[in-house]
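Input: a single structure, listed below in structure tokens.
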Amino acid sequence: MILELADFSIHPGQNAAFEEAIGRGLKNIIKQAHGFHGFKLNHCIESPERYILQIFWNTLEDHTVGFRQSPAFTEWRAIVGPFFAIPPVVEHFDMIAKSA
């Protein structure tokens, strides 16, 4: 299992619109991707324009090749991209351990 961690900073005052847009994108686009296994979206308390999105994939390639090189990625970025104040930081992690 691979964890994609995306750190988003959005334009001030756009929280409600961003949350609606990212929810729509996650439901209608990301959840349909091959190798997708779930997500968590977190909102930063100390920095209200910051969000952390965690997406779980079967393999790294399910995200970096299967999703990112598909038309679905273009659709995803069209929905969430206009809210980004700066480009998101995206990194991938191998799962070492998890709770029951």
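Each value in this text was obtained by applying a stated rule to the coordinates, not by laboratory testing. Only a predicted model underlies this, so the values are computations on that prediction, with no experimental measurement involved. All Cβ positions, even for glycine, are placed from backbone atoms using ideal geometry, and neighbour counts span all protein chains on display.
Note down the net charge around PHE39, summing +1 for each Lys or Arg and -1 for each Asp or Glu among other residues with Cβ under 12 Å from its Cβ.
On the way: positive: LYS27, LYS31, LYS40; negative: GLU4.
In short, +2.
Cut-off 16 Å, label point 7 angstrom out along Cα-to-Cβ of LYS27: give me the residues of segment 35-69 whose amide nitrogen falls inside.
Residues passing the 16 Å test: 39-41.
Kindly write out, for segment 29-38 in residue order, the coupling ³J(HN,Hα) from the Karplus curve 6.51 cos²θ - 1.76 cosθ + 1.60 (θ = phi - 60°), rounded to whole Hz, with x marking Gly and Pro.
Karplus-based 3J(HN,Hα) across segment 29-38 equals 10, 4, 4, 8, 6, 4, x, 6, 10, x Hz.
Spelling out what I want: for every residue of segment 55-63, take phi, set θ = phi - 60°, compute 6.51 cos²θ - 1.76 cosθ + 1.60 (Karplus), and round to whole Hz; glycine and proline get x.
Residue by residue, segment 55-63 yields 10, 9, 10, 4, 9, 4, 5, 4, 8 Hz.
Angle, helix 71-80 long axis vs. longest principal axis of the chain, Cα atoms, 0 to 90°, nearest 10?
On a 0 to 90 degree scale, this one is about 30.
If neighbour count is taken as other Cβ atoms inside 10 Å, put SER47, SER70, SER99 in order from fewest to most. Working shown, then result.
Working: SER47 9, SER70 14, SER99 3.
Ordered by Cβ neighbours within 10 Å, fewest first: SER99, SER47, SER70.
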